[in-house]
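Before any comments, here is the structure.
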Amino acid sequence: MRVEPQQGGGWREAVAGLRGAFEFEWGGRQYLNVEDYRQAARRKLPAGPWAYVDGAAEDMLSAAANRDAYRRWDLRPRVLAGHGERDLGVRVAGESLATPILLAPTGLTGLAHWQGEAGAARAAESAGTRLVLSSAASYSIEEVAAATERSHFFQLYPWRDRELMASLIERAGTAGYVAMMVTVDVPVPSNRELEQRQGMGIPPVLTPRRLLDGARRPRWWYAFLKHQRVSLRNLGGEYGVRFGVRGAQRQLGLWRPDLGWDDLAWLRERWPGPMFVKGVLDPEDARRCLEIGAEGVVVSNHGGRQLDGAPATLDVLPAIAEVAAGRGQVLFDGGIRRGSDAIKALCLGADAVMIGRPAVYGLAARGERGVAEVLGLLTDEIERNLVLMGCPSVAALDRSWVSRRDLEPSL
Ligand SMILES: Cc1cc2nc3c(=O)[nH]c(=O)nc-3n(C[C@H](O)[C@H](O)[C@H](O)COP(=O)(O)O)c2cc1C
């Protein structure tokens, strides 16, 4: 169609022309990577919840080590390898996933956004993957099952009270969860000084400064008071245990400094489905978990939130993958912020990876949609990098696709 030059124009035409030439975004925020979601989460959350989500134990050395480890490995692209389609699918605990990224268990996610684990589980489903629901979640086992269509995974803390554990296991089975993940790196709560400094605890300590900080985030407070999603919904009945009530202190008395291998064997007997042991950093421990009958282990240092000084997970992954080869699956988490980080872990022996904080950043920033976007962008990064590497699929990734920068400089 021929466009006649306009006589005179006028402001309406000028605005229409501008509209066609540009896209306008309220707020003008761009979410291009995980760090963008992290910054948005930081703006949205009061200081206490932010310390809970982003912080780690003591000097946060292990959290930093997790990130640094990826820099020691280079990807090794092969050119002119031309594959039209890429397959990002993996199988975990017998479930087919469209992406090799699962959502790690994160407790009290309702602190980040009232949609919490229910929103995160729906986002995982929309991305073709699964949430591992924390036993310390702000939505109950049954609430998440009711809010979703797929069967998700359930994470269990081996608390002191075996009756409580047995009832949680039974509830997870009845609600249709397909796999159980037992977290073994929290025999006692860790020393998270950043959280303590921000008054996070039971009960939370308020000071004039903290109240002022909270007043600058009225939307968070409004949702906090309206939805009341900051309690451990799997414990203590329908309304769970709220922050600040005596019952919560009793719950903390449930931790198990004396946790041992017989506890794992006991749990293995209770749960008929696939069982994973989360928090394994030693090859011999991994071997023992598999001997007891676990389907797999999760190489994890809890995102550096437990033992500060524990090794970077990527550093211990190859030795554990070697022990598990042919016997069980290896899942992996810690510091994944880019698709290339996930690819490096998959090359070094992980069958799939999990993200903890990135999903919570997405949730804090934009609720369920934010989690779906974080999963989407990491999956896009994996896919794009596979093309750039000349690799057809996640299944094809192995040690030959990476080199250790300091040890294999000539490659
Ligand atoms: C806010 C938060 C809460 C967490 N809660 C749990 C939990 O309840 N159970 C558990 O096994 N791990 C928990 N984790 C650890 C994660 O499952 C995961 O191991 C860790 O976040 C991975 O590191 P990343 O955050 O760097 O991805 C939590 C992590 C965060 C950030």
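Here's the yes/no breakdown for (1) of a type in the set (D, E, K, R); (2) over 17 Å from PRO358 (Cβ atoms); (3) in a loop (DSSP other than H, G, I, E, B); (4) within 14 Å of the ligand (Cβ to nearest atom):
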{"position": "GLY82", "(1), (2), (3), (4)": "no, yes, yes, no"}
{"position": "GLU85", "(1), (2), (3), (4)": "yes, yes, yes, no"}
{"position": "ARG91", "(1), (2), (3), (4)": "yes, yes, no, no"}
{"position": "GLY107", "(1), (2), (3), (4)": "no, no, yes, yes"}
{"position": "SER138", "(1), (2), (3), (4)": "no, yes, yes, yes"}
{"position": "GLN155", "(1), (2), (3), (4)": "no, yes, no, yes"}
{"position": "LEU168", "(1), (2), (3), (4)": "no, yes, no, yes"}
{"position": "ARG171", "(1), (2), (3), (4)": "yes, yes, no, no"}
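Considering only segment 186-195, I want to know if a residue exists there that is part of a helix (DSSP H, G or I), closer than 26 Å to ALA123 by Cβ and over 17 Å from the mean Cα position of the chain (by Cα). Within segment 186-195, one or more residues are part of a helix (DSSP H, G or I), closer than 26 Å to ALA123 by Cβ and over 17 Å from the mean Cα position of the chain (by Cα). Could you please let me know if VAL53 is buried (at least 24 other Cβ atoms within 10 Å of the Cβ), within 13 Å of the ligand (Cβ to nearest atom) and modelled with pLDDT of 95 or more? No, not satisfied. Taken over segment 314-360, the residue count meeting the criterion of being on the phi > 0 side of the Ramachandran plot and buried (at least 24 other Cβ atoms within 10 Å of the Cβ) is 2. Screening VAL353 against (1) away from the ligand (no atom under 16 Å from the Cβ); (2) β-branched (Val, Ile, Thr); (3) in contact with a strand residue (DSSP E or B) (Cβ under 7 Å, 6 or more places away or on another chain) leaves a single unmet condition, (1). Restricted to segment 291-305, and to residues there that are surrounded by fewer than 21 Cβ atoms within 10 Å (Cβ to Cβ) and assigned to a helix (DSSP H, G or I), the residue that is farthest from the ligand (Cβ to nearest atom) is GLU291.
Would you confirm whether or not segment 11-23 contains a residue that is farther than 27 Å from VAL353 by Cβ, modelled with pLDDT of 90 or more and over 17 Å from the mean Cα position of the chain (by Cα)? No, segment 11-23 contains no residue that is farther than 27 Å from VAL353 by Cβ, modelled with pLDDT of 90 or more and over 17 Å from the mean Cα position of the chain (by Cα).
Scan segment 275-285 for residues that are assigned to a helix (DSSP H, G or I) and either aromatic (Phe, Trp, Tyr) or in contact (Cβ under 8 Å) with a residue 40 or more places away in the chain (or both) and the total you get is 1. Look at ARG337 and say whether it is touching a strand residue (DSSP E or B) at 6+ places or on another chain (Cβ under 9 Å), charged (D, E, K, R) and within 10 Å of the ligand (Cβ to nearest atom). Against the criterion (touching a strand residue (DSSP E or B) at 6+ places or on another chain (Cβ under 9 Å), charged (D, E, K, R) and within 10 Å of the ligand (Cβ to nearest atom)), ARG337 qualifies.
Mind listing just one residue for me: the one in segment 294-309 that is over 16 Å from ALA104 (Cβ atoms) and of a type outside the set (Asp, Glu) and, of those, nearest to the chain's Cα centre (by Cα)?
Applying the filter and picking the extreme gives LEU307.
On the basis of being β-branched (Val, Ile, Thr) and closer than 30 Å to GLY82 by Cβ, does VAL402 make the cut? The answer is yes for VAL402.
Return the total of residues in segment 194-215 being on the phi < 0 side of the Ramachandran plot, touching a residue at least 12 places away in the same chain (Cβ under 8 Å) and more than 16 Å from the ligand (Cβ to nearest atom). Counting residues in segment 194-215 that are on the phi < 0 side of the Ramachandran plot, touching a residue at least 12 places away in the same chain (Cβ under 8 Å) and more than 16 Å from the ligand (Cβ to nearest atom) gives 5.
Of the listed requirements (1) closer than 23 Å to MET60 by Cα; (2) under 20 Å from the mean Cα position of the chain (by Cα), GLN329 misses just one: (1). Annotation note: of VAL178, VAL188, VAL184, the sole residue that is surrounded by fewer than 12 Cβ atoms within 10 Å (Cβ to Cβ), of a type outside the set (Phe, Trp, Tyr), under 28 Å from SER140 (Cβ atoms) and touching a residue at least 12 places away in the same chain (Cβ under 8 Å) is VAL188.
Only residues that are within 16 Å of the ligand (Cβ to nearest atom), in contact with a helix residue (DSSP H, G or I) (Cβ under 7 Å, 6 or more places away or on another chain) and not hydroxyl-bearing (Ser, Thr, Tyr) were counted in segment 66-80, giving 2. In this entry, GLU125 is excluded by the filter for residues that are assigned to a helix (DSSP H, G or I), at pLDDT 95 or above and within 16 Å of the ligand (Cβ to nearest atom). Is it the case that some residue within segment 109-122 is in a loop (DSSP other than H, G, I, E, B), under 14 Å from the mean Cα position of the chain (by Cα), surrounded by 24 or more Cβ atoms within 10 Å (Cβ to Cβ) and not basic (Lys, Arg)? Among the residues of segment 109-122, at least one is in a loop (DSSP other than H, G, I, E, B), under 14 Å from the mean Cα position of the chain (by Cα), surrounded by 24 or more Cβ atoms within 10 Å (Cβ to Cβ) and not basic (Lys, Arg), which makes the answer yes. Any idea which residue in segment 212-248 is modelled with the lowest pLDDT, counting only those that are out of contact with any strand residue (DSSP E or B) (no Cβ under 9 Å at 6 or more places or on another chain), surrounded by 11 or more Cβ atoms within 10 Å (Cβ to Cβ) and part of a helix (DSSP H, G or I)? Once the filter is applied, the top-ranked residue is GLY214. What residue, among those in segment 357-398 that are small (Gly, Ala, Ser) and farther than 15 Å from VAL53 by Cα, is farthest from the ligand (Cβ to nearest atom)? Per the stated criteria, the residue is GLY390. Taking the residues in segment 157-166 that are assigned to a helix (DSSP H, G or I) and within 16 Å of the ligand (Cβ to nearest atom) as candidates, determine which candidate is surrounded by the fewest Cβ atoms within 10 Å (Cβ to Cβ). So the residue we want is LEU164.
The values are calculated or read from the model by the stated rules, or taken from the named source; none is laboratory data. Note that the coordinates shown come from a computational prediction; the quantities given were computed from them, not determined experimentally. Neighbour counts are summed over all protein chains in view; Cβ atoms, including those assigned to glycine, are modelled from backbone coordinates with ideal geometry.
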